[in-house]
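S.K.: Please see the structure below; I have some questions.
The values are calculated or read from the model by the stated rules, or taken from the named source; none is laboratory data. Every value quoted in this text rests on a predicted model; they were computed, and no experiment measured them. Here the Cβ positions follow ideal geometry from the backbone for every residue, glycine too, while neighbour counts run over all protein chains shown.
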Amino acid sequence: MNPRLKALADAGVSIWLDDLSRGRITSGDLAEKIAEDSVTGVTTNPSIFAAALTNGADYADQLRDLGPVDVDTAIKQLCATDVRNACDLFAGCYAASGGYDGRVSIEVAPTLAMNGPATVAQAAELHGLVGRENVLIKIPATKPGLPAVTATIAAGISVNVTLIFSENRYREVMDAYLTGLEQAAAAGRDLSTIHSVASFFISRVDTEIDKRLTAIGTDEALALKSKAGIANAQVALAAYEEVFGGERFAKLAAQGANRQRPLWASTGTKDPSLSDTLYVTELVADGVVNTMPEKTMNAFADHGEVGESMVGKGPDGVRHLDALDAVGIDLDDVFQVLEDEGVAKFVVSWNELVASVEGAMTGAGRQG
């Protein structure tokens, strides 16, 4: 067991790997990470699956066995199989944690990000395809995605709400979750079986804001670089503590409801001048998830240090965001740009995935 990763887990941080492929499952690599690196979950996205499916050999047999189906059906079947098998590897962790951990995510098609009803339908379809209690359906926190989150939670399906960049949108996400729980309770569902995480993105915030601070160029502006991502997370955690420490959730908790845990996403540093473990060391709090790319996880295993808890640092985050506003950073614009770019990047990856699978199916003579 890696002592640094174990220390992070002992501090209350759930370590999830931000990567999944069939090769990682069949080679035993994922099982080894569960056993040796304190990994208790996996997140995926269209970019990750696009990269995995470039290795056609891993998926050739299943593509051949699918018969003449359309490309969308093939993608859902291939991805659901990987997620199902990963869920089985985490079954022990899932049971031991009472559903708290041992989770694997699968994302609705990013082309549906602005179509709430279609998102709800596909969330239910993917949940059925995977067929495992410990799956999380990833739904983007776009405006049309918020009612889709509510409807999916109300149906008793656990959700990973993704692409969250701002406190305001995060509060809307928490409201969508609580509303879904209230609807589930009214329908007589067992709230204890419904779980959710809220994926709050970190490094992309620094990348966008640092670019703007560099353009401003004053000493005051440059002194604020590479701190916004952590400050933004501090504000988000304070909002989480407020909402889930409040009366509305207390009523649901009395019926068995679970908190929607914050998940720190995009935790690999993009700026080479920054510590490669910055967004792990500085984002420690009991009850949060940190989903890491393998490179970041390995770096932390080699030389990472567990920082002090970020609980109570919300005022520090507010002061930094206020300082950014004072030098001319339009945070509302930053967050909207990041959301738009996030959706667009996943659509590009999705299209690459479609093209890759389409080519493989055509070559095999299997396209419907």
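S.K.: Being acidic (Asp, Glu), modelled with pLDDT of 95 or more and under 19 Å from ASP210 (Cβ atoms) narrows it down to one residue among ASP322, ASP271, ASP302, ASP286; which is it?
M.R.: Among ASP322, ASP271, ASP302, ASP286, only ASP322 is acidic (Asp, Glu), modelled with pLDDT of 95 or more and under 19 Å from ASP210 (Cβ atoms).
S.K.: Sort out which residues of segment 280-293 are over 15 Å from ASP10 (Cα atoms) and in contact with a helix residue (DSSP H, G or I) (Cβ under 6 Å, 6 or more places away or on another chain), and write them in order of number.
M.R.: GLU282
S.K.: Now, a different point. Can you confirm whether segment 249-256 contains a residue that is of a type in the set (Gly, Ala, Ser), closer than 25 Å to SER97 by Cα and not in a loop (DSSP other than H, G, I, E, B)?
M.R.: yes
S.K.: Consider only pairs whose beta carbons are under 6 Å apart and that are at least six residues apart or on different chains; among these, list those whose first residue lies in segment 24-44 and is farther than 21 Å from ALA11 by Cβ and touching a residue at least 24 places away in the same chain (Cβ under 8 Å) and whose second residue is assigned to a helix (DSSP H, G or I) and among the polar types (S, T, N, Q).
M.R.: Final answer for the pair search is ILE25/ASN85.
S.K.: What's the number of the only condition in (1) among the β-branched types (Val, Ile, Thr); (2) assigned to a loop (DSSP other than H, G, I, E, B); (3) farther than 22 Å from PRO140 by Cα that THR267 fails to meet?
M.R.: Only one criterion is unmet by THR267, namely (3).
S.K.: Of the conditions (1) surrounded by 19 or more Cβ atoms within 10 Å (Cβ to Cβ); (2) farther than 30 Å from TYR59 by Cα, HIS320 fails just one. Which one is it?
M.R.: Looking at each condition in turn, HIS320 falls short on (1).
S.K.: Okay, moving on. Determine if segment 167-190 includes at least one residue that is surrounded by fewer than 15 Cβ atoms within 10 Å (Cβ to Cβ), under 21 Å from the mean Cα position of the chain (by Cα) and assigned to a helix (DSSP H, G or I).
M.R.: Going residue by residue through segment 167-190, those that are surrounded by fewer than 15 Cβ atoms within 10 Å (Cβ to Cβ) are 168, 186-188, 190.
Then keep just the ones that are under 21 Å from the mean Cα position of the chain (by Cα); that gives 168.
Remaining after also requiring assigned to a helix (DSSP H, G or I): 168.
Yes; the residues of segment 167-190 include at least one that is surrounded by fewer than 15 Cβ atoms within 10 Å (Cβ to Cβ), under 21 Å from the mean Cα position of the chain (by Cα) and assigned to a helix (DSSP H, G or I).
S.K.: Name the residues in segment 226-262 that are more than 17 Å from ILE153 (Cβ to Cβ) and among the basic types (Lys, Arg), would you?
M.R.: LYS227
S.K.: THR269: buried (at least 18 other Cβ atoms within 10 Å of the Cβ), in contact (Cβ under 8 Å) with a residue 12 or more places away in the chain and within 24 Å of GLU167 (Cα to Cα), yes or no?
M.R.: Yes, satisfied.
S.K.: Only one of these is touching a residue at least 24 places away in the same chain (Cβ under 8 Å), surrounded by fewer than 17 Cβ atoms within 10 Å (Cβ to Cβ) and of a type outside the set (D, E, K, R): GLY246, GLY229, GLY287. Name it.
M.R.: Numbers: GLY246 fails: touching a residue at least 24 places away in the same chain (Cβ under 8 Å); GLY229 fails: surrounded by fewer than 17 Cβ atoms within 10 Å (Cβ to Cβ).
Of the residues listed, the single one that is touching a residue at least 24 places away in the same chain (Cβ under 8 Å), surrounded by fewer than 17 Cβ atoms within 10 Å (Cβ to Cβ) and of a type outside the set (D, E, K, R) is GLY287.
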